[in-house]
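Working notes for the structure below.
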Amino acid sequence: MEILQSTDFWLGLMLIIWINIILSGDNAVVIALAARSLPPEQQKKAIFFGSGAAVVLRIGLTVVAAKLMTLEYLQIIGGLLLLWIGAQLLEAEEESDEEASEHSNLFAAIRTILIADLVMSLDNVIAVAAAAKGDEVLLIIGLAISIPLVIFGSTLMIKLMERFPIIITLGACLIGWVGGETVANDVVLKEFGQANTWFHMACAAAGAVIVLGWGKFKSAQHHKAVEAE
């Protein structure tokens with residue numbers, strides 16, 4: 001109980017919660033995009049299990065994140081993976097009941113959430129770990145509290161996407177932007193990025209454009225295939 005009476009503990013906890021509020025926006029977008037096409041009951045399950053599993057994954061990732069960030073080409077691979085996920089989420093998802101069941105769609109959504117969160121959390125967990133200052137209890141409590149924040153953000157985003165479809169496109173572009181940033185942050189590109197201040201922004205913008213272009217291209221192909229049937 002002594003730890004609960006510590007001012008440093010409560011200040012650290014508030015800092016972690018604030019960091020999660022700031023950094024959970026892109027995660028909420030990914031969850032909302034992955035779950036938006038599911039039936040309402042399936043949406044709730046995808047958001048709950050996806051958010052919970054993502055936070056647990058983030059806790060484990062915090063232990064090794066600093067070492068992972070030093071591995072060459074890891075962030076390039078992760079960034080390209082995010083570009084692929086962004087483009088996939090932007091594609092038309094008009095499957096018939098024979099093509100995929102609700103059960104398989106639910107797990108596909110959770111899988112997408114976990115993969116995207118794993119890549120997007122590499123930078124985030126370092127900020128959270130720094131705020132915790134080695135206090136594992138503080139770290140776990142802080143990240144656990146972030147679960148309802150992500151769930152609320154995801155639920156809100158789905159409602160906004162239903163009302164304003166343009167947000168789906170903007171959300172996919174955001175994932176592409178983060179993917180481009182992730183590529184630019186790789187160890188092998190660090191010196192080049194420091195010498196060329198435009199590089200980081202250019203990669204982020206390129207990521208957004210690639211996701212938008214590829215997603216729209218695949219969506220157009222899908223519609224043509226449907227019309228030809």
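Normalised by 2.2 N^0.38 Å, where N counts its residues, the alpha-carbon radius of gyration of the stretch 154-229 equals 1.44.
With the simple spin-label model, which puts each label point 7 Å out from Cα in the Cβ direction, the E72 to F164 separation comes to 4.5 nm.
Evaluate E = 1/(1 + (r/R0)^6) for F199 and E41, where r is the Cβ-Cβ distance and R0 equals 41 Å; express this FRET efficiency to the nearest 0.05.
Working: r = 45 Å, r/R0 = 1.11.
Rounded to the nearest 0.05, the efficiency is 0.35.
Taking a ≥ b ≥ c as the square roots of the Cα gyration tensor eigenvalues, the stretch 186-229 comes out prolate, since a/c reaches at least 1.5 and a/b is larger than b/c. With a Förster radius of 25 Å applied to the beta-carbon distance between V188 and L57, the computed FRET efficiency rounds to 0.45.
Throughout, read-outs are computed from the coordinates displayed, never taken from laboratory work. Here the structure is a predicted model, which means the values were calculated and not measured. We place every Cβ from the backbone using ideal geometry, glycine too, and count neighbours over all the protein chains shown.
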